[in-house]
1. Among the numbered conditions (1) assigned to a loop (DSSP other than H, G, I, E, B); (2) more than 20 Å from Arg425 (Cβ to Cβ); (3) under 46 Å from the mean Cα position of the chain (by Cα), tell me where Gly345 comes up short.
2. Residue check: is Leu54 assigned by TED's automatic domain parsing to the domain that holds Pro158, part of a loop (DSSP other than H, G, I, E, B) and surrounded by 11 or more Cβ atoms within 10 Å (Cβ to Cβ)?
3. Can you say whether Val636 is modelled with pLDDT of 85 or more and either exposed (fewer than 10 other Cβ atoms within 10 Å of the Cβ) or part of a loop (DSSP other than H, G, I, E, B) (or both), as far as the supplied structure shows?
4. Among the residues of segment 255-299, which ones are within 21 Å of Arg234 (Cβ to Cβ), at pLDDT below 90 and polar (S, T, N, Q)?
5. Please give the number of the condition Val273 fails out of (1) exposed (fewer than 14 other Cβ atoms within 10 Å of the Cβ); (2) under 22 Å from the mean Cα position of the chain (by Cα); (3) assigned to a strand (DSSP E or B).
6. Since Pro293 meets every condition but one in (1) of a type outside the set (Ser, Thr, Tyr); (2) part of a strand (DSSP E or B); (3) touching a Phe, Trp or Tyr at 6+ places or on another chain (Cβ under 7 Å), which condition does it not meet?
7. So which of Ala625, Ala632 ends up being under 60 Å from the mean Cα position of the chain (by Cα) and aliphatic (A, V, I, L, M)?
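The values are calculated or read from the model by the stated rules, or taken from the named source; none is laboratory data. Since this is a predicted model, take the numbers as computed values, not measurements. We place every Cβ from the backbone using ideal geometry, glycine too, and count neighbours over all the protein chains shown.
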Amino acid sequence: MIRLPAGPRPLAWSLAAFGGAVLLHVDRLPPWISAFALGAAAARALLALRGAGLPGRWVRAAIALALTAGVLASFRTLNGLAAGSALLVAMGSLKLLETRARRDHYVMLAVALFLLLAACLDRQGLPRVPFYALQLWICCAALAVIASPDTQRGIKAPMKLAGRTLACALPLALLLFLLFPRLPGAFWALPNPGGAATGLSDEMSPGQIDELTISDAPAFRVQFETAAPPPQERYWRGPVLESFDGTTWRHERGRFFRESPVRFEGPTWRYRVTLEPHGHNWWFGLESVIAAPDRRAMLTPDRRLVASRPVTEALSYDAMSQPRAVALAPLSTLGRRYNLALPPGQNPRSLALAARMRAAATDDMAYARAVLDYFGREGFVYSLTPPRLEGNAVDEFLFGTRSGFCGHYASAFTTLMRAGGVPARVVTGYLGGAWNPIGRYFLVRQSDAHAWVEIWRDGRGWVRIDPTGVVAPERLQRGLFDLLPDAAPFAARLARDSVWLAEIMQTWDAVNTAWRQRVLEFGSGSQLALLARLGFDSPRWQQLGALLALSLTGWLAWMAWQSRYGLRAARPDRLARAWQAVGARYARAGLHREASEAPLAYAARIAAARPDLAAEARALTGEYAALRYGPAPPPVAIRRFATRVRGLPRLPA
């Protein structure tokens, strides 16, 4: 066991607590702050070992000004979670260089706990939970050593005490987590401006989505309350693109027209979406979403889910969809104009092809089928590495390369539809999803990003047509990595080829999803649902408060029961029991020892009252005083003294 001298012991624990807190933020901090923190900790330890003095007040003041200026230059602000944590690390490092008294160590421990709280607010992923628990354990052990450095020696004793304390507090933490009334929404959450982007955009050029197709990162997860739709119906709607300049499709925010009211048909699918942060204000729903899930988002006229704020942290929402939305009114004049517009002078060969095919078609649907047949018979191939398109991109694709992925086919098909007088628009989003049998949900990855087309059909409304399905029909049934396995990253290919590795990855993803849904997203609705499962027919906040009070009373009673032995007087050790036996021996002769009477004074009083017992009393009390108040005696000496006391003859009363 490592034993530290009494003086440096609180400092060592303060350094451990602060160092652990800095490590929780090391990947978020500028490198110079991490280097300064580690350097300050090493310098403080070296000064303590050498017994050298600490830097003066003016030196520390100059360093503090320099650190503040450095944080301000790195973050352009001192506000916010990232900048505030960096500043706290810098100032805590400086505080190490003036730690002298117990109060200074308490301040360092408070800094470590604040940094732990900041790390918890920043990232709540399940892999980080053991590190948070370990850091809290170290901080509690440091508190025990700082408060009582003489009794909490070594490493094992304070860690054991901190572990017992945290174990006793764990039931209380669980009760407060489950039953303490919560406000709707994430009251404590802080925005995370560094959220990753999905790769989907409100613009699309052929070749833009290729970066998404090489990523197996999760986009969102879906749990169905009802039977899941078949694979060819799992279209997750995202941005709708209506403006085209000959190369790029865009969603124009300022272009609005009145959409026709709709009537939904087909089976109703109820599901819960857990959306990963992507930096945009899009939510994804299965076509066609019946209504907005909650107040955080709205359902636009073109049936997109748009939130009031960008998605910078994971969130969940419940939605309902039906496969068909039948328009109850014709397309407006403005809507028809928007969805027939083509840039003048662009892609002339495509326009000529559309004119010939439209002349031979009897109606809009016949024309659409003719275009699909053209894709099917003219040697078009599905590829993730198509040639780059320049100039008249649609012409080059239709009459030149004839190689591309969903974006190429959606762009070309929509262009031909508009050229033939059929209103059409591009829809982007995701297609499919991999089933996780352990968590019982579908995982939609970035590689499932997709683009398809909607055309207007009089008397029916917007109808989905996926031209990619003509060239690669397997794409509508399977994921992209199943269709083109060589395009998958190495880790995805390895998991695909190994059954046991795939099961491990599915299990880990299911555990992470359960952690997020049942812990991180546990809110007011979850509390009321918990009350309902406990048997409350119409759960209310009053019942929640009563249950919390009852549970707290039970916890306090349990703590009192657990503490009953600690409230009793400690059992005397072997030496004390032997000394008590000495006092009982002379008490029979009428010489009771006072509670405040020292051993040698007691022996002097015995000698004055009973000279015949003087030599024995002085020998016994002298030996006890040497054992109790002298250097730590070996166990054999204590056993010898106790044996001697037991062997004394009984004195007459």
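1. For Gly345, the failing item is (3).
2. Working: assigned by TED's automatic domain parsing to the domain that holds Pro158: yes; part of a loop (DSSP other than H, G, I, E, B): yes; surrounded by 11 or more Cβ atoms within 10 Å (Cβ to Cβ): yes.
Judged against the criteria, Leu54 is a match.
3. Details: modelled with pLDDT of 85 or more: yes; either exposed (fewer than 10 other Cβ atoms within 10 Å of the Cβ) or part of a loop (DSSP other than H, G, I, E, B) (or both): yes.
When the stated conditions are applied, Val636 passes them.
4. Ser288
5. Among (1) exposed (fewer than 14 other Cβ atoms within 10 Å of the Cβ); (2) under 22 Å from the mean Cα position of the chain (by Cα); (3) assigned to a strand (DSSP E or B), the lone unmet condition for Val273 is (1).
6. Of the numbered conditions (1) of a type outside the set (Ser, Thr, Tyr); (2) part of a strand (DSSP E or B); (3) touching a Phe, Trp or Tyr at 6+ places or on another chain (Cβ under 7 Å), the odd one out for Pro293 is (2).
7. Details: Ala625 fails: under 60 Å from the mean Cα position of the chain (by Cα).
Being under 60 Å from the mean Cα position of the chain (by Cα) and aliphatic (A, V, I, L, M) holds for just one of Ala625, Ala632, which is Ala632.
The rows are residues; the columns are (1) free of Cβ contacts under 8 Å to residues at least 24 places away in the same chain; (2) among the aliphatic types (A, V, I, L, M); (3) more than 18 Å from Ile33 (Cβ to Cβ).
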position	(1), (2), (3)
Arg50	yes, no, yes
Ile63	no, yes, no
Ala69	yes, yes, no
Phe75	yes, no, no
Leu97	no, yes, no
Arg103	yes, no, yes
Leu109	no, yes, yes
Leu143	no, yes, yes
